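Only one structure is covered here, and it is reproduced in the block below.
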Amino acid sequence: MNLKERVKELIDKGLEENPSLFLIDYSVGGDNLIKVIIDGDNGVGIEDCVALSRAIEHNLDREEEDFSLEVSSCGISAPLVLERQYTKNIGREVEVKTATASHTGVIKGVSNAVVTLEVTSRQPKPQGKGKITVTEEILLPIEEIKEAKLKLKF
């Protein structure tokens, strides 16, 4: 078993300890730099990163292979990639880009890998001058979303 496969096995085992956490991405670089990015249904704390780091590090032998390890949360500005991240952020505003359009709206729901996005826009009145505010729901399959980021409000 190579190092990457062993690391994946240890990540999976470490995440079993806390089912609210899930893996976003991991990599093992040519210089044996192991990078692990996690997220959680209730957020990720430093103690979560430390626990997973220990679960990996304590089960790899530095005598066998030297490595460095980084375990971190995905961060608030990171794009949403998994259905579980969209579900976690129901009720929050996102900017979504597909191959054909961009939308800004509020995630209203997620079901069967489809995101329901409530979008509000200004459109011309059907009659007369001026514009009206129109709110509509758009269904976006996650596989068609090129990028989705939370809109931060200060």
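When only residues in region 141-154 that are among the basic types (Lys, Arg) and in a strand (DSSP E or B) count, which is nearest to the chain's Cα centre (by Cα)? Explain how you work it out, then say what you get.
Taking region 141-154 as the starting set, the residues that turn out to be among the basic types (Lys, Arg) are 146, 149, 151, 153.
From the residues that got through so far, the ones that are in a strand (DSSP E or B) too are 146, 149.
Numbers: 146: 13, 149: 9 Å.
Among them, the one singled out is 149.
Every condition in (1) more than 19 Å from residue 150 (Cα to Cα); (2) small (Gly, Ala, Ser); (3) touching a residue at least 60 places away in the same chain (Cβ under 8 Å) holds for residue 68 except the one numbered (3).
For residue 61, the criteria (1) open to solvent by 40 Å² or more (accessible area, probe 1.4 Å); (2) in the same structural domain as residue 34 (by the TED database); (3) in contact (Cβ under 8 Å) with a residue 40 or more places away in the chain hold in every case but one, which is (3). Among the residues of region 85-140, the one identified as open to solvent by less than 70 Å² (accessible area, probe 1.4 Å), charged (D, E, K, R) and over 17 Å from the mean Cα position of the chain (by Cα) is 118. There is no residue in region 46-68 that is within 9 Å of the chain's Cα centre (by Cα) and not polar (S, T, N, Q).
Among the strands (runs of 3 or more DSSP E) contained in region 10-114, which hold 1 or more residues that are acidic (Asp, Glu)? Spell out the reasoning first.
On the way: elements: 21-28, 33-40, 68-73, 93-98, 102-111.
In region 10-114, the matching strands (runs of 3 or more DSSP E) lie at 21-28, 33-40, 68-73, 93-98.
The values are calculated or read from the model by the stated rules, or taken from the named source; none is laboratory data. As the structure is a computational prediction, the values presented were derived from the model and not from experiment. Methodologically, a virtual Cβ is constructed for each residue, glycine included, from the backbone with ideal geometry; neighbour enumeration extends over all protein chains shown. Calculation scope for accessible area: heavy atoms of the full protein, side chains included, ligands and nucleic acids excluded. Shrake-Rupley method; radii C 1.70, N 1.55, O 1.52, S 1.80 Å.
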